[in-house]
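Written out below as structure tokens is the structure these notes cover.
The values are calculated or read from the model by the stated rules, or taken from the named source; none is laboratory data. Just so we're clear, the structure is a prediction, and the values are computed from it rather than from any experiment. Cβ placement follows ideal geometry from the backbone for every residue including glycine, while neighbour counts extend to all protein chains displayed. These area figures cover heavy atoms from the full protein model, side chains too; ligands, DNA and RNA do not enter into them. Shrake-Rupley method; radii C 1.70, N 1.55, O 1.52, S 1.80 Å.
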Amino acid sequence: MSTVEQDFVHEPLGPRLRHQIATIARHAEDKRAACIDALKLVQKRFRFVSDVHLAEVAALLEMTPAELDGVATFYNLIFRRPVGRHVILLCDSVACWVMGGAAACAHLCERLSVKPGETTEDGRFTLLPIVCLGHCDHAPAMMVDEDLYGDLDAARLDDILRRFR
Amino acid sequence: MIETPLTATIQPDGKPLDVTGYERVGGYQAMRKALNMTPEAIIGEIKSSRLRGRGGAGFQTGRKWEAVPKRDEPPFLRYLIVNADEMEPGSFKDRLLLEKTPHQLIEGVIIGAFAIQAALAYIFVRGEYVLALERLAHAVVEAQARGYVGRDILGSGFSLTIHVHASGGRYICGEASALFSALEGRRAIPRARPPRSAVSGLWGKPSVVNNVETLCCVPPIIERGANWYLGLSHSVDGGTKLYGVSGRVKRPGLWELPFGTPLNEILFEHAGGMRAGYECRAVLPGGASTAFIVPENFDVRMDFASVQKIGSSLGTGNIVVLDQRRCPIGLLRNLEHFFAQESCGWCTPCRDGLPWVERILTAIEAGEGKAEDLELLIHHVSFLGPGCTFCDLAPGAMAPLGSGLKHFRSEFERHINEKACPWHDTKDAWT
Ligand SMILES: Cc1cc2nc3c(=O)[nH]c(=O)nc-3n(C[C@H](O)[C@H](O)[C@H](O)COP(=O)(O)O)c2cc1C
Ligand code: SF4
Ligand code: FES
């Protein structure tokens, strides 16, 4: 990760984000019930939840940082470590496995020079395995950021990756 | 002509109808009718329809609603929760309904909430379902603007708020009591029962958790009556079901069919049978947590009792096909990897047992298995079976393993005797 980006994640949450979090907390039945939503907001802005931000959110929701971290680390979609500019979620569940999911994974790893769980040198992509995406009739399937792709083969994968160049 | 109450209003282009479009095809009429009925009458109708939950366990929906305290009994705060977590590997039916017919779900939520007198409903959606979340949130706003959601709905005196929640992502969140923990902003750990959630669920208040497909069945039942609904079915339980097929079939997909449609009809007519060059070895009838069904039993009717009779379970009714080109041990390793990863870690047999099972399967697949490994696996199947763990994740994990050990015994033995995987060449293959 470049130094520029590291500075960026050490920025405080800022008044806008703090206000947004305070608002959802106020509307929740109980402040801590807003914690997943709050962490997702942070992640939307900073791509992952750093220790500094975690502590800030915890204070806003009247939780200890340890308590909030216990929740954050439990869930698959809350990233506590830096990720690339685009997150590839490649399904590794059973229907995709039957339909060549392992080949899709090998192809992506080769093209991006990463192993599952890693981020590319240029910080463009992070490749993560994910549980069944509910796109089994178009297996193998993956998401890139918020978009779902199915019927993956080598050519289609290359084509999708090109869109992010 | 088969009637398809779940999918009838889905448009050919797949875009969801807006509230006006949904009303034009008869939408929200069932809600109007329900608001003029008593909660007891609604529950009675749902009971007569023999609607059973579509989330996997098949609990009678009417009976579940009836277990909530009556409207004049405290506590007066209750919750209806829609389980839209859909993370059971091989299942894709709820996503279709969420994305393509969100207003039918919302109408089902309003009727269900009125029946149990819940003033608050949560729709708990897995975080990866981005499009579904967007469309649901939009549909809720539209329904609010019409006065179907909010204070004093159509002058009935009944008020309802609907929240759409995006999950942080973990399979265990789909377990009804773990879902409460997730909504409360905690680690999603299941809870001990009793107390039953109908008495003490979310924030200790009476709560009902229903699957997406279950609630989408509700408006048509109220509108057209329990007898009509019963008549749609080929089984003792009412209605239709969204059956799905994935794997090497000619036409993978989803079809709404009479409840109790035979498995071979789904596989060979609707899904078109196997693609050229592939043979069907076995299927998982309803996701990763269901026992294999082998071809000699493909005449089974896909209803709760019939599938149970042959030693499996209906699960989500979304079928995964294993063909002869993939290694059955590899498939089991894939399933147990999923369960080991998704175990919440609360109880020891599951937390320690599932990774052990995964390691043994990995070793056998790699040709490093020993004869005694099969005994160890069999031991785990009973050690992690029903009643031994805190929730049903572990027994679900043992369903394919137990049946796999039976049906694929010779494949297990070949791996061990030959010290190699006979399918080694197809391991990383696209086809
Ligand atoms: C580990 C586990 C995961 C589950 N995941 C889901 C799910 O994603 N969606 C669902 O509707 N039910 C799921 N269930 C079943 C629920 O606990 C519950 O029975 C169901 O939501 C009730 O709805 P129904 O009565 O309408 O079927 C799961 C159960 C277990 C044990
Ligand atoms: S069986 Fe597994 S998932 Fe269920 S409570 Fe125990 S550890 Fe958690
Ligand atoms: S198994 Fe991959 S999308 Fe369902």
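Just to check I understand the Karplus step: with θ = phi - 60° and J = 6.51 cos²θ - 1.76 cosθ + 1.60, what whole-Hz values come out for the range B:393-410, glycine and proline as x?
5, 5, x, x, 5, 7, 4, x, 5, x, 6, x, 4, 6, 6, 10, 3, 5
So, R0 is 25 Å and r is the distance between the beta-carbons of B:Lys250 and B:Ile310; what FRET efficiency does that work out to, to 0.05? Don't jump to the answer; show the numbers that get you there.
Details: r = 25 Å, r/R0 = 1.01.
The value I calculate is 0.50.
Going by amide H atoms built from the backbone, whose H comes under 5 Å of the H on B:Arg281, apart from near neighbours?
Amide H neighbours of B:Arg281, under 5 Å, 5+ apart: B:Leu322, B:Asp323, B:Gln324.
Can you give me the distance in nm between label points at B:Asp72 and B:Arg359, each placed 7 Å from the Cα along the Cα-to-Cβ direction?
6.2 nm
If contacts are Cα pairs under 8 angstrom and at least 6 residues apart, what is the relative contact order of the range A:7-72 in percent? Don't jump to the answer; show the numbers that get you there.
Values: 58 pairs, mean separation 23.2, N = 66.
Taking the mean separation of contacting Cα pairs over the length of the range A:7-72, I get 35 percent.
How big is the range A:3-110 on each of its three principal axes, counting only the C-alpha atoms and giving the largest first in Å?
Dimensions of the range A:3-110 along the principal axes of its Cα atoms: 46, 37, 22 Å.
Could you check the simple spin-label distance between A:Asp151 and A:Arg85, using points 7 Å along Cα→Cβ, in nm with one decimal?
Modelled inter-label distance: 2.9 nm.
Taking the DSSP beta bridges in chain B as the whole, what percent of them are antiparallel, to the nearest 5? Working shown, then result.
Working: 15 of 36 bridges.
Here the share of antiparallel DSSP bridges comes out near 40 percent.
Tell me, in nm to one decimal, what length is gained between B:Gln341 and B:Arg224 on full extension, where the rule is 0.36 nm per residue of separation less the Cα-Cα distance? Present the calculation step by step, with values, prior to reporting the outcome.
Numbers: separation 117, 0.36 × 117 = 42.12 nm, distance 4.42 nm.
Residue separation times 0.36 nm, minus the Cα-Cα distance, leaves 37.7 nm.
Could you compute the net charge surrounding B:Pro219? Neighbours are other residues with a C-beta less than 13 Å from the C-beta of B:Pro219; K and R count +1, D and E count -1.
Numbers: positive: B:Arg32, B:Lys33, B:Arg224; negative: B:Glu23, B:Glu45, B:Glu107, B:Glu213, B:Glu223.
After counting each charged neighbour, the total is -2.
Using 0.36 nm times the number of residues separating B:Leu376 and B:Val130, minus their current alpha carbon distance, what extension gain do you get? Could the numbers behind the result be given before it?
Numbers: separation 246, 0.36 × 246 = 88.56 nm, distance 4.15 nm.
Net length gain for the segment: 84.4 nm.
Ignoring ligands, DNA and RNA and using a 1.4 Å probe, state the total buried accessible area between A and B in Å², rounded to the nearest 100. Numbers along the way, then the final one.
Working: alone 9530 and 17870 Å², together 23390 Å².
Answer for the A-B pair: about 4000 Å² buried.
Would you grab the residues whose amide H sits under 5 Å from the one on B:Leu120? Only those 5+ places off in sequence or on another chain, please, with H modelled 1.01 Å from N.
Amide H neighbours of B:Leu120: B:Arg78, B:Leu80, B:Thr161.
Which distance in nm do the two modelled labels at A:Glu62 and A:Lys44 give, with both placed 7 Å along the Cα-to-Cβ direction?
Taking the simple label geometry, A:Glu62 and A:Lys44 are separated by 2.5 nm.
Within the range B:5-75, report the trypsin sites (Lys or Arg not before Pro) that DSSP leaves as loop and that have at most 12 other Cβ atoms within 10 Å.
Numbers: sites: B:Arg24, B:Arg32, B:Lys33, B:Lys47, B:Arg50, B:Arg52, B:Arg54, B:Arg63, B:Lys64, B:Lys70, B:Arg71; in loops: B:Arg50, B:Arg54, B:Lys70, B:Arg71.
Taking the range B:5-75 and a limit of 12 other Cβ atoms within 10 Å, the loop trypsin sites (Lys or Arg not before Pro) found are B:Lys70.
Any idea what diffusion coefficient chain B gets from Stokes-Einstein, in µm²/s, Kirkwood Rh on alpha carbon pairs, 25 °C, 0.890 mPa s?
Details: Rh = 22.4 Å.
Result for D is 109 µm²/s.
With everything on Cα atoms, drop me the angle between helix B:371-383 and the longest principal axis of chain B, reported from 0 to 90° to the nearest 10.
20 degrees
If exposed GluC sites (Glu not before Pro) are those in a DSSP loop with at most 16 other Cβ within 10 Å, what is the longest stretch of chain A that has none? Mind dumping the intermediate values first?
Working: sites that count: A:Glu62, A:Glu118, A:Glu121, A:Glu146.
Of all site-free stretches, the longest is A:1-61.
Note the full-extension length gain between B:Glu418 and B:Thr20 as 0.36 nm times their separation in residues minus their Cα-Cα distance, in nm to one decimal.
Numbers: separation 398, 0.36 × 398 = 143.28 nm, distance 6.49 nm.
Length difference between fully extended and current span is 136.8 nm.
On a 0 to 90 degree scale, rounded to 10, what angle separates helix A:15-27 from the longest Cα axis of chain A?
80 degrees
Helix-derived [θ] at 222 nm for the protein assembly as shown: sum -39500 (n - 2.57) over DSSP H runs of at least 4, divide by residue count, nearest 500?
On the way: 24 runs with 249 residues, N = 596.
Computed mean residue ellipticity for the protein assembly as shown: -12500 deg cm²/dmol.
Tell me, what is the FRET efficiency for A:Asp30 and B:Val199 to the nearest 0.05, using R0 = 22 angstrom and their Cβ-Cβ distance as r? Each step should come with its number before you reach the end.
Numbers: r = 20 Å, r/R0 = 0.91.
Calculated transfer efficiency: 0.65.
Angle between the Cα long axis of helix B:130-145 and the longest principal axis of chain B, 0 to 90 degrees, nearest 10?
So the inclination is approximately 10 degrees.
Which are the unpartnered cysteines of chain A, meaning those with no other cysteine Cβ under 4.7 Å from their Cβ?
For chain A, the answer is A:Cys35, A:Cys105, A:Cys109, A:Cys132, A:Cys136, because their Cβ atoms have no other cysteine Cβ under 4.7 Å.
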